[in-house]
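Input: a single structure, listed below in structure tokens.
The values are calculated or read from the model by the stated rules, or taken from the named source; none is laboratory data. Worth saying up front: this structure is predicted, and the values here are computed from it rather than measured. Cβ placement follows ideal geometry from the backbone for every residue including glycine, while neighbour counts extend to all protein chains displayed. Remember, those area values only see protein heavy atoms, side chains included, never the ligands or the DNA or RNA. Shrake-Rupley method; radii C 1.70, N 1.55, O 1.52, S 1.80 Å.
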Amino acid sequence: MTLETKKSVFVELGKFLKQFSENNTTKKSDVLHNDLFFDDFEKLIHLSQSHNGWYTPEQVYFALQSWADALTEENITKWLSNYSFESSVEKENGKNVALILAGNIPLVGFHDFLSVLISGNNAVIKTSSNDQHLLPFLAKYIIAVNPDFSDKINFVEGKLENFDAVIATGSNNTARYFEYYFKDKPSIIRKNRNSVAVINGKETKEQLEALGEDIFRYFGLGCRNVSKLFVPKGYKFDAFFEAIFKYQDVIHYEKYANNYDYNKAVFLMSNFKLLDNGFLTLKEDPSYASPISSVFYEFYESREDLEKRLEADAEQIQCIVSADSGKNNIPFGQTQNPQLWDYADNVDTITFLLTTK
């Protein structure tokens, strides 16, 4: 398959996904293979919560729309224009790349899957036990659009074998195991990361409301979710709490409410001082990884010192959200809308796949 052929397949996938949204799912006549896949996929979306309690229809629809927006011809062309795909590479069978996927949010491993296939390689996929259905379904759709992909996608349940490189995502503990187990293979090993927001105290209500999206989307389970706030010395949280009140319905979701009750009780029994609005606790803490239903915060006195701190801790941070301009800053509300060229951990997956022997 040529690069253009592969691109066209994923553009078709984007059109397929575009049909599914929380408030307006619409079956369109010009989308390929809708007769085979549309109804079954709609059913799968609503079954997802039975497979993983965090995968509510709202969250799955959001993930699907995010990928639908990304998988346009314009976006894919812009993304791949930064690389040199030699014609000789396109003629080869490609490397077998093992993908060990996480399952914290819906389709969290899709970018790796896309990168492996678009670069002309073969995906040997071990899904997370928490997300075993969505990606295999989309793989079947891709194969229906172009059967040449059938030899390039392999889902495995047991031991990974016969692979040339690996991309593995897990916790800091599993990363140590991955690093040892795959020490003889070219690899990208992803560990725990968290995202932070830098508050200057001059944010508008709209910006703080958007920050709520960065905190509560996917119930805070993603590495791009904001789990830590840096606020100026003496900052009062009244405006923040007022702005995020629109997300109060999250407490009506049982799994989230259970975490809120449990983590709040643990904090209080440990005599920690908390700020609490009934569905989110704020705790002053130097750590980056806060538990579900809680966000940590720290005061800063100097932006210069804070910048040095963030630079020193870069390997723990996925995104920095801020109203201030800066090459690494993301606007409020945009952490869960990455572009194709926004790589996890800032590791260029396509370059890795094109240059690994």
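Numbers at a glance
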read-out: Per residue convex hull volume, Cα atoms of region 252-294, in Å³; value: 63 Å³
read-out: Tensor-based shape of region 26-172 (alpha-carbon gyration tensor, a/c under 1.5 rounded, otherwise prolate or oblate); value: oblate
read-out: Whole-percent carbon and sulfur share, accessible surface of region 1-82, 1.4 Å; value: 48 percent
read-out: For I105, residues with placed amide H under 5 Å, excluding near neighbours; value: none
read-out: Reciprocal of mean inverse Cα separation for region 160-294 (Kirkwood radius, Å); value: 16.9 Å
read-out: Qualifying aspartates and glutamates (Cα of each under 17 Å from Cα of K233; at least 8 residues distant if same chain); value: E203, E284, D285, E298, E301, E304, D305, E307
read-out: Distance between region 60-120 and region 256-285 - C-alpha centres, whole angstrom; value: 39 Å
read-out: Derived scalar couplings ³J(HN,Hα) [region 106-120; Karplus, 6.51 cos²θ - 1.76 cosθ + 1.60; whole Hz; x for Gly, Pro]; value: x, 6, 5, x, 5, 5, 5, 4, 4, 4, 4, 6, 5, 8, x
read-out: Region 51-115: mean projected area of Cα convex hull, nm²; value: 6.0 nm²
read-out: Gaussian network model of the chain, springs between alpha carbon atoms under 10 Å - residue of V60, V231, V124 with greatest fluctuation; value: V231
read-out: Region 199-296: trypsin sites (Lys or Arg not before Pro) falling in loop per DSSP and having at most 14 other Cβ within 10 Å; value: K202, K233, K236, K273
read-out: Rounded to whole Hz, the Karplus (6.51, -1.76, 1.60) HN-Hα couplings of region 60-68, x for glycine and proline; value: 5, 4, 4, 4, 5, 5, 4, 6, 4
read-out: Rounded to whole Hz, the Karplus (6.51, -1.76, 1.60) HN-Hα couplings of region 33-38, x for glycine and proline; value: 6, 4, 4, 8, 10, 4
read-out: Among the listed pairs K7/K185; K7/K246; K6/K255, those beyond 30 Å (Cα-Cα); value: K7/K246; K6/K255
read-out: Kirkwood Rh, Cα atoms: Rg over Rh of the chain; value: 0.98
read-out: Cross-link pairs K27/K140; K27/K78; K228/K273 - those with Cα-Cα distance over 21 Å; value: K27/K78
read-out: Accessible surface, the chain, averaged per residue in Å² (probe 1.4 Å); value: 49 Å²
read-out: Furthest towards positive pole of dipole, Y177, S115, A139, structure part region 98-201, Cβ charges; value: Y177
read-out: Tensor-based shape of region 221-273 (alpha-carbon gyration tensor, a/c under 1.5 rounded, otherwise prolate or oblate); value: oblate
read-out: Qualifying GluC sites (Glu not before Pro) in region 1-44, DSSP loop, other Cβ atoms within 10 Å at most 15; value: E22
read-out: Residues whose placed amide H lies under 5 Å from that of C319, excluding near-sequence neighbours; value: S195, V196
read-out: Global geometry of region 300-357, whether rounded, prolate or oblate, following the gyration tensor of its Cα atoms and the 1.5 cut on a/c; value: oblate
read-out: GluC sites (Glu not before Pro) lying in DSSP loop within region 71-149, provided at most 14 other Cβ fall within 10 Å; value: E86, E92
